[in-house]
Amino acid sequence: MNSADNIENAVEQLHITTRPETDKRILDDAFAALEKSGQRQSFQVGRSARSKTLRIRIAELAAVAAVILVIFALFFSAPAAKGVTLKQVYEALGKVGNICVSRFDADEAEPYQQVWTSQTMNVMLIKGMREGQVEYVLWDVPNRLKRSKFVFSDLVSIDGISADMFGKVQKSITGTFGLVPFSDMNDAPEESQWNRVEDPNVSAIVPGTEVYELTWPQKSTAGTRIRFIKWRVFLDTVTNLPKRAEWYSKLKSEDKYKFSTFTVITYTSENQIRILIRDEFGSVALQPRDPGYIGTPPPY
């Protein structure tokens, strides 16, 4: 199939129809205009050659017009790209079962805290600093136990989880993992704004992502001082899940936001978290707690 056939097929797909009278009128007008233009050429050129040249030019013009028409139709018929809404981000996080959140200071290359959360196992493992040492803390909700140990130490401290702390830990595991500014999207202030960042240099920080910013004003406790918070999030273009999040703030009197902390998010498997817990606390930490001996009640 030649290029002319391709053009005709493309135009036919646009469902554009004309009557024979319209086609004849357009061709006659075009021939007349070109014939008039051709009279200015040298009279030494034969009429047949001139007619052939005119027909070639008309065919060329028709092909160009058809191509322009196809491009125009495809451009305006293509659906406009829709951005990701904040609601979609919350919905995507609600489907996550296992996750690792690494938190960094703006000018640091190593995280000051890492949190592995498994909704499928109902546990949360935190790696952070205490007393100048790296410490692991395992919040075991099913067994209502808190296990903690320093790195390079075999000593494991085991404590029960109080009723108050139990509720907080459970909420952390089943919520949005502390990734979004508000545990409930409806808690966002009315003045908050959600916008897409179009700067390609920003999106290049995390390839395969679209970047959005949520900004809102925040009043001090006394209500006399206002600062503005900006949460910039890099969303996976396929899953709408955050891969990186950055926090900024500025006072009302300041022009530029100050970059304070950022978070890197990876979506791990339950098995990966199991291996990490076993390496730090042993296989016993993954076993259900023995409820203990319950004797037969005495007869009444």
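The values are calculated or read from the model by the stated rules, or taken from the named source; none is laboratory data. All values derive from a computational prediction rather than experimental measurement. Virtual Cβ from ideal backbone geometry, glycine too; neighbours counted across all protein chains shown.
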The one condition Phe177 fails out of (1) over 30 Å from Phe228 (Cβ atoms); (2) surrounded by 17 or more Cβ atoms within 10 Å (Cβ to Cβ); (3) in contact with a Ser or Thr (Cβ under 8 Å, 6 or more places away or on another chain) is (1)
Given the conditions (1) in contact with a strand residue (DSSP E or B) (Cβ under 9 Å, 6 or more places away or on another chain); (2) part of a helix (DSSP H, G or I), every one holds for Lys171 apart from (1)
Considering residues that are crowded, with 17+ Cβ neighbours inside 10 Å, under 21 Å from Gly94 (Cα atoms) and of a type in the set (A, V, I, L, M, F, W, C), the number found within region 138-172 is 3
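Among the residues of region 239-259, write down those that are in a strand (DSSP E or B) and surrounded by fewer than 14 Cβ atoms within 10 Å (Cβ to Cβ). Full working, then the answer.
So in region 239-259, the residues in a strand (DSSP E or B) come out as 242-251, 258-259.
Residues satisfying the conditions are Leu251, Lys258.
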Of those in region 182-212 that are without any contact (Cβ under 8 Å) to a residue 40 or more places away in the chain, hydrophobic (A, V, I, L, M, F, W, C) and part of a strand (DSSP E or B), the residue surrounded by the most Cβ atoms within 10 Å (Cβ to Cβ) is Val211
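From the list Leu235, Leu179, pick out the single residue that is touching a residue at least 60 places away in the same chain (Cβ under 8 Å) and part of a strand (DSSP E or B). Quick ask: steps written out before the conclusion?
On the way: Leu179 fails: part of a strand (DSSP E or B).
From the options Leu235, Leu179, the qualifying one is Leu235.
I'd like to check something: does region 184-191 contain any residue that is in contact with a helix residue (DSSP H, G or I) (Cβ under 7 Å, 6 or more places away or on another chain), modelled with pLDDT of 95 or more and under 18 Å from Gln88 (Cα atoms)? Steps first, please.
Step one: of region 184-191, the residues in contact with a helix residue (DSSP H, G or I) (Cβ under 7 Å, 6 or more places away or on another chain) are 185.
Checking which are modelled with pLDDT of 95 or more leaves us with none.
No: region 184-191 contains no residue that is in contact with a helix residue (DSSP H, G or I) (Cβ under 7 Å, 6 or more places away or on another chain), modelled with pLDDT of 95 or more and under 18 Å from Gln88 (Cα atoms).
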Ile273: passes all of (1) free of Cβ contacts under 8 Å to residues at least 60 places away in the same chain; (2) surrounded by 12 or more Cβ atoms within 10 Å (Cβ to Cβ) but (1)
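Kindly indicate which of Thr268, Thr263 is modelled with pLDDT of 95 or more, surrounded by 15 or more Cβ atoms within 10 Å (Cβ to Cβ), within 28 Å of Asp154 (Cβ to Cβ) and not aromatic (Phe, Trp, Tyr). Before the answer, list the steps.
Working: Thr263 fails: within 28 Å of Asp154 (Cβ to Cβ).
Step by step, each of Thr268, Thr263 is checked, and only Thr268 is modelled with pLDDT of 95 or more, surrounded by 15 or more Cβ atoms within 10 Å (Cβ to Cβ), within 28 Å of Asp154 (Cβ to Cβ) and not aromatic (Phe, Trp, Tyr).
May I ask you to verify whether Val233 is at pLDDT 90 or above, buried (at least 17 other Cβ atoms within 10 Å of the Cβ) and in the same structural domain as Gly97 (by TED's automatic domain parsing)? Even if it seems obvious, please write down each step before you answer.
On the way: at pLDDT 90 or above: yes; buried (at least 17 other Cβ atoms within 10 Å of the Cβ): yes; in the same structural domain as Gly97 (by TED's automatic domain parsing): yes.
Yes: the conditions hold for Val233.
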